[in-house]
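Data first, discussion second: the structure below is written as structure tokens.
The values are calculated or read from the model by the stated rules, or taken from the named source; none is laboratory data. The model shown is predicted, which means the values in this text are computed figures rather than measured ones. Cβ coordinates were reconstructed from backbone atoms using ideal geometry, including for glycine residues, and neighbour counts include every protein chain displayed. Remember, those area values only see protein heavy atoms, side chains included, never the ligands or the DNA or RNA. Shrake-Rupley method; radii C 1.70, N 1.55, O 1.52, S 1.80 Å.
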Amino acid sequence: MLGLGVDRLQADINRLLTSLFHQGVLDEQFLQLQQLQDETSPTFVYDVINIYFDESEKLLRSLRLLLMDREFSDYKKIGLHLNQLVGSSSSIGARRVRNVCVAFRSASELNNRPGCLRGLEVVEHEYHYLKNMMHELFQLEQQRLLAAGVRYPM
Amino acid sequence: MDRQKPTDRQRCLRISRFPLILPYKSLFLHFFCKIKSLTFLTNHKHIISLLSSLVYRSLIDMADVMRPEKLDMSNDTSSLGSPELLHVLAVDDSIVDRKFIERLLRVSSCKVTVVDSATRALQYLGLDGNHSSVGFEDLKINLIMTDYSMPGMTGYELMKKIKESSAFREIPVVIMSSENILPRIDRCLEEGAEDFLLKPVKLADVKRLRDSLLKADEMAFKNIMHKRELQANDIYSQLKRAKI
């Protein structure tokens, strides 16, 4: 019974990941992250992704504040924030977030304010979708670890 | 005795392995010639050969004492010491990338120091003008990997500063960037970058880098040994010319 739990959870994890790859939400860089995780660093993926979330939310908040300002004109600053977002998103394999950030950056280079506002909305949307998916993934992993732990009592 | 007596050539090779001997090689040749010339004064050749062996032995012992421990080439196959302990200095302003590159390098059996800016990198190396070079002689960095786009000083400017310093200009510098801009890449390579990596950096990139650095080191080692061999031959042929 307990064995089935682990296998079923693993199947759920695999299905979720396959779906995310298929949708282009994640790319092969995410696999690189997983490869770097082992017994010496068993929570590496979780740690990096959480650092990514913290950084990204700071940048997104800052971007929103900049654009909400009626007298906004600092497109260069927007560009700098976006460079960081593009870089960190590509480092963890968050392909869709990266791509919409690049599109947003193009709008900022044209000093196009409505384009930037639209771009920011799209980025926020994609970012939150990714975050929800990652939370689901981590929950499944956590459950699987617990199920595996019960299966092999110490 | 089971052991064969070493030939003169073998003796010369052994001498040449002691690098400090080479400046004194004319002195040793002088000793050898003087001893051998004694054969004109006596018929007791076996006494002469015994004497020359004794002098030779004591010269070797002297050389042994003078030999610097670090250059014991018998066990060390690379100047990096153990190939596993490649010490890399990584520079990146992005916290996500720092975490990532640190793990990437650790997994590749490297010792890693990560800093968040070019200024900090210069501080670490002692190139920020606030320190004398004392205390940084033991700092053994084998590779510097830096992001290109950083606030303040870029990775390119950092590399230029490193290449300007006599202490660190030999250290390979790799530049990383998420932007595939050809003129930028050319400029970096022209300025002396070892390599230019497009982000996101992969395990395969680091492995390739490590392999090429270790191979370069192996080549340097082979060159040193070849040079030694040539110097040994030089000593030997001088001995022969002196009709020993």
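Below is a table of values for the structure above.
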item: Average beta carbon contacts from partner chains per residue of A:81-94, 10 Å cutoff; result: 5
item: Kyte-Doolittle at least -0.5, axis length at least 20 Å by Cα - qualifying DSSP helices, chain A; result: A:2-23, A:44-68, A:75-92, A:95-109, A:113-151
item: Neighbour net charge for residue A:58 - beta-carbon separation under 15 angstrom, K R +1, D E -1; result: -1
item: Relative compactness, region B:149-244, computed as alpha-carbon Rg over 2.2 N^0.38 Å; result: 1.66
item: Two-site FRET efficiency, residue B:49 against residue B:203, from Cβ-Cβ distance with R₀ of 45 Å, rounded to 0.05; result: 0.15
item: Peptide B:109-121 - average C-beta neighbours from other chains (10 Å radius); result: 0
item: Virtual spin-label span in nm between residue B:167 and residue A:41, 7 Å along Cα→Cβ; result: 2.9 nm
item: Positive dipole terminus of chain A, leading residue within A:91, A:122, A:68 (C-beta point charges); result: A:68
item: Radius, Kirkwood style, for region A:2-147 when every pair of distinct Cα atoms is counted (Å); result: 16.4 Å
item: Residue-level accessible surface for residue A:128, protein heavy atoms, 1.4 Å, Å²; result: 90 Å²
item: Extension gain (nm, one decimal) between residue A:143 and residue A:54, 0.36 nm per residue minus Cα-Cα; result: 29.6 nm
item: Electrostatic dipole magnitude of region B:86-196 [Cβ: Lys, Arg +1; Asp, Glu -1; Cα centre; debye, to 20]; result: 280 debye
item: When each of A:58/B:140; B:140/B:202; A:76/B:111 is checked by Cα-Cα distance, pairs over 31 Å; result: A:58/B:140; A:76/B:111
item: Region A:93-154 pair-distance distribution - Cα-Cα, 5 Å bins, rounded %; result: 4, 18, 16, 13, 11, 8, 8, 6, 6, 4, 3, 2, 0
item: Length gained when the stretch residue B:157-residue B:182 is fully extended (0.36 nm per residue, less Cα-Cα span); result: 7.2 nm
item: Computed label-point distance, nm, for sites residue B:116 and residue A:103 using a 7 Å Cα→Cβ extension; result: 3.2 nm
item: Interface burial for A against B (accessible surface, 1.4 Å probe, total of both chains, Å², rounded to 100); result: 1600 Å²
item: Accessible area, probe 1.4 Å, largest first, for residues A:75, A:46, B:124; result: A:46, B:124, A:75
item: Chain A, relative contact order [Cα under 8 Å, separation at least 6], %; result: 34 percent
item: Most to least accessible of A:40, B:154 (protein chains only, probe 1.4 Å); result: A:40, B:154
item: Å² of accessible area per residue within region A:2-147, as computed with a 1.4 Å probe and no ligands counted; result: 53 Å²
